[in-house]
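J.: After the structure tokens below, expect a handful of questions from me.
The values are calculated or read from the model by the stated rules, or taken from the named source; none is laboratory data. The structure presented is a predicted model; accordingly, all values stated were derived computationally and were not measured. Cβ atoms come from the backbone with ideal geometry, glycine included; neighbour counts cover every protein chain shown. Surface accessibility is based on the protein's heavy atoms, side chains included, excluding ligands, DNA and RNA. Shrake-Rupley method; radii C 1.70, N 1.55, O 1.52, S 1.80 Å.
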Amino acid sequence: MNGSVASRAAQSVNETRLLDRHAQLASIGAIDPVGMNRQALTDADIEARRLVLSWAAERGYGTAIDDIGNMFIRRPGRDESAMPIVTGSHIDSQPAGGPFDGAFGVLAACEVLEALEDAGIVTERPVEVAVWTNEEGSRFQPTTMGSAVFAGQLPLVEALSATDTHGISVGDALERLFRELPIPDGRELRAPFAAYLEAHIEQGPLLESAGIPIGVVTAIQGLRWFTVRVDGETGHAGTTPRSRRRDALVAAVTMVGRLSQLMDDPGDVVRFTVGRFEVEPNSPNTIPGSVLFTIDLRHPDANVLAALGDQVDGICQANAFGCRVSVVETMNAAPTVLDAGISQVIRAAATDVGLEHMDIASGATHDAKYVALTCPAGMIFIPCRGGVSHTVLEFASGEHMVAGTRVLAATTAELALG
Ligand code: HGY
Ligand code: MN
Ligand code: MN
């Protein structure tokens, strides 16, 4: 590792600037008294993007945006024709999330550009910050939408037609974004990167339990998402005999029960979540006419994921209770092994900065999963309190944010130098 230059980049990380910017970003979409609701392509997301772009403007960096709204901020390199080293994450949040998931990775990436600047380091390759669109997938399904489209894993037209619960499409929401946040430079989807780095809170308990500040992510487990729609018949709760009912809710809860049995895993490795459940017309004395629910299924082993996921449709159809059932798979992403060479650079950077590190597999998914299909990719985790995330209680300390950013700075500098 090019010790002195990478160390200089790490040491130039400015704690005050990083934490001030975190506070500024955390104020946009904040929930009172704690937490974050800054879902993709909402007013808050647009305002947060504007703030990040204002930091780029202060340094005169070029900015670009692609057709799915992924934004890129570029610090030039000596060789402008060389593929950039790109680092970033997302600034959209869950509806009741925290101000660290994703935001930390974008803040760390912006701070890396600042640190390189302050240290007067001229890199051979350009270094870019990426801000991916709709990582969370809460408002528009599926998760990691921007990076999936970027990597050619989700057709742009399909992503643009996804709608939120109010019927607003990604395409409509993006048109607003493009109008409100004019960024003159377009960027091709699949523009090649030399390497991609993403810093993120762990969102699990392992680093905190081990008392280790840096996780070197070796893999991201696979996931499959399904949307199940059950259409029965509404009717009067007091008069309709059971034999005449086509109750969508009875069918849907039976499906969920059977699926839960299937996913029961003594080893506690399978992750199965029904996170959204909508009943219509949702009236106490009307038989439910339709139900929509989602399934989030994850496993680190591709064969297990395939075997379980392939049974979802059959189980739902077998418990229809006379209703019409449609099961649509909105995402099927295989487990990802991150680049061994990049992981080694991250380990060396952590050692260089004087921070203990350990290898870790990611239970959450990340934009790095899709970007890894296009270039060598690595991830750096920092601990979060209690190992919790996707809750308003999510928290990461300033000390750990600085530690992760220093490792990101050293790794980025090392990769961008030659
Ligand atoms: O769902 C996830 O793992 C991530 O938060 N997108
Ligand atoms: Mn995230
Ligand atoms: Mn998340």
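J.: For the range 342-354, name all the residues that are open to solvent by 40 Å² or more (accessible area, probe 1.4 Å) and either in contact (Cβ under 8 Å) with a residue 60 or more places away in the chain or small (Gly, Ala, Ser) (or both). Don't jump to the end; show me each part of the working.
T.: Taking the range 342-354 and keeping what is open to solvent by 40 Å² or more (accessible area, probe 1.4 Å), we get 344, 347, 351-352, 354.
Arg347, Asp352, Gly354 - these are the residues of the range 342-354 that are open to solvent by 40 Å² or more (accessible area, probe 1.4 Å) and either in contact (Cβ under 8 Å) with a residue 60 or more places away in the chain or small (Gly, Ala, Ser) (or both).
J.: Another one. If you scan the range 169-210, which residues turn out to be surrounded by 14 or more Cβ atoms within 10 Å (Cβ to Cβ), acidic (Asp, Glu) and closer than 22 Å to Val127 by Cβ?
T.: If the condition is that a residue be surrounded by 14 or more Cβ atoms within 10 Å (Cβ to Cβ), acidic (Asp, Glu) and closer than 22 Å to Val127 by Cβ, then Glu198 is the only one that fits.
Residue-by-condition table, conditions (1) closer than 22 Å to Val86 by Cβ; (2) among the hydroxyl-bearing types (Ser, Thr, Tyr); (3) out of contact with any Pro (no Cβ under 7 Å at 6 or more places or on another chain):
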| residue | (1), (2), (3) |
| --- | --- |
| Thr273 | no, yes, yes |
| Ile287 | no, no, yes |
| Cys323 | no, no, yes |
| Val345 | yes, no, yes |
| Val371 | yes, no, yes |
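J.: Further question on the same structure: So which of Gly386, Gly418 ends up being surrounded by fewer than 19 Cβ atoms within 10 Å (Cβ to Cβ), modelled with pLDDT of 95 or more and either in contact with a Phe, Trp or Tyr (Cβ under 7 Å, 6 or more places away or on another chain) or of a type in the set (Gly, Ala, Ser) (or both)?
T.: Result of the check over Gly386, Gly418: Gly386.
J.: Being surrounded by fewer than 24 Cβ atoms within 10 Å (Cβ to Cβ) and away from ligand 3 (no atom under 16 Å from the Cβ), is that true of even one residue in the range 128-151?
T.: Within the range 128-151, one or more residues are surrounded by fewer than 24 Cβ atoms within 10 Å (Cβ to Cβ) and away from ligand 3 (no atom under 16 Å from the Cβ).
J.: For the range 315-324, name all the residues that are among the hydrophobic types (A, V, I, L, M, F, W, C) and either open to solvent by 20 Å² or more (accessible area, probe 1.4 Å) or within 29 Å of the chain's Cα centre (by Cα) (or both). Walk me through it before giving the result.
T.: In the first step, residues of the range 315-324 are kept if they are among the hydrophobic types (A, V, I, L, M, F, W, C); the result is 315-316, 318, 320-321, 323.
Ile315, Cys316, Ala318, Phe321, listed by residue number.
J.: Oh, and also: All but one of (1) more than 16 Å from ligand 2 (Cβ to nearest atom); (2) in contact with a helix residue (DSSP H, G or I) (Cβ under 6 Å, 6 or more places away or on another chain); (3) in a loop (DSSP other than H, G, I, E, B) hold for Cys375, so report the exception by its number.
T.: If we test Cys375 against (1) more than 16 Å from ligand 2 (Cβ to nearest atom); (2) in contact with a helix residue (DSSP H, G or I) (Cβ under 6 Å, 6 or more places away or on another chain); (3) in a loop (DSSP other than H, G, I, E, B), just (2) comes out false.
J.: Taking the conditions exactly as written (among the acidic types (Asp, Glu) and touching a residue at least 24 places away in the same chain (Cβ under 8 Å)), does Asp310 satisfy them or not? It would help to see each step written out before you state the result.
T.: Working: among the acidic types (Asp, Glu): yes; touching a residue at least 24 places away in the same chain (Cβ under 8 Å): no.
Against the criterion (among the acidic types (Asp, Glu) and touching a residue at least 24 places away in the same chain (Cβ under 8 Å)), Asp310 does not qualify.
J.: Let me ask you something else. When the range 389-400 is examined, which residues are found to be hydrophobic (A, V, I, L, M, F, W, C) and open to solvent by 10 Å² or more (accessible area, probe 1.4 Å)?
T.: Val392, Leu393, Phe395
J.: Which condition number in (1) within 20 Å of Ala64 (Cβ to Cβ); (2) in contact (Cβ under 8 Å) with a residue 12 or more places away in the chain is the one that Ser81 fails?
T.: (2)
J.: Taking the conditions exactly as written (among the acidic types (Asp, Glu), closer than 28 Å to Val170 by Cα and in contact with an Asp or Glu (Cβ under 6 Å, 6 or more places away or on another chain)), does Glu136 satisfy them or not?
T.: yes
J.: Counting residues that are small (Gly, Ala, Ser) and surrounded by fewer than 18 Cβ atoms within 10 Å (Cβ to Cβ), which strands (runs of 3 or more DSSP E) fully inside the range 260-302 reach at least 1? Write out each step before concluding.
T.: Details: elements: 271-273, 277-280, 290-299.
Filter on the range 260-302 gives an empty set.
J.: Within the range 67-94, which residues are closer than 30 Å to Ile31 by Cβ, away from ligand 1 (no atom under 16 Å from the Cβ) and in contact with a strand residue (DSSP E or B) (Cβ under 8 Å, 6 or more places away or on another chain)? Steps first, answer last, please.
T.: Residues of the range 67-94 closer than 30 Å to Ile31 by Cβ: 68-73, 87-94.
Right, trim to away from ligand 1 (no atom under 16 Å from the Cβ) and you get 69, 71-73, 87.
Result: Met71, Phe72, Ile73, Thr87.
J.: Quick check on this structure: which one of Gly35, Gly62, Gly97 is over 30 Å from Gly354 (Cα atoms), touching a strand residue (DSSP E or B) at 6+ places or on another chain (Cβ under 6 Å) and open to solvent by 10 Å² or more (accessible area, probe 1.4 Å)? Give the steps one after another, and end with the answer.
T.: Working: Gly35 fails: touching a strand residue (DSSP E or B) at 6+ places or on another chain (Cβ under 6 Å); Gly97 fails: open to solvent by 10 Å² or more (accessible area, probe 1.4 Å).
That would be Gly62, the only listed residue that is over 30 Å from Gly354 (Cα atoms), touching a strand residue (DSSP E or B) at 6+ places or on another chain (Cβ under 6 Å) and open to solvent by 10 Å² or more (accessible area, probe 1.4 Å).
J.: Now for a separate question. For the condition at positive phi and at pLDDT 95 or above, what is the one hit in Gly211, Gly204?
T.: On the way: Gly204 fails: at positive phi.
Testing whether each residue is at positive phi and at pLDDT 95 or above leaves just Gly211.
J.: Which residue pairs have Cβ atoms under 6 Å apart, sit 6 or more places apart or on different chains, and have a first residue in the range 316-339 that is among the aromatic types (Phe, Trp, Tyr) and a second that is crowded, with 18+ Cβ neighbours inside 10 Å?
T.: Phe321/Val250; Phe321/Ala251
J.: Being at pLDDT 95 or above, in a loop (DSSP other than H, G, I, E, B) and either within 16 Å of ligand 1 (Cβ to nearest atom) or out of contact with any Cys (no Cβ under 7 Å at 6 or more places or on another chain) (or both) narrows it down to one residue among Thr218, Thr239; which is it? Give the steps one after another, and end with the answer.
T.: Numbers: Thr218 fails: in a loop (DSSP other than H, G, I, E, B).
Only one candidate qualifies: Thr239.
J.: Taking the range 125-171, which residues are in contact with a Leu (Cβ under 6 Å, 6 or more places away or on another chain) and either within 16 Å of ligand 2 (Cβ to nearest atom) or touching a residue at least 12 places away in the same chain (Cβ under 8 Å) (or both)?
T.: Residues of the range 125-171 that are in contact with a Leu (Cβ under 6 Å, 6 or more places away or on another chain), as a first pass: 148-151, 170-171.
Within the range 125-171, Ala148, Val149, Phe150, Ala151, Val170 meet the criteria.
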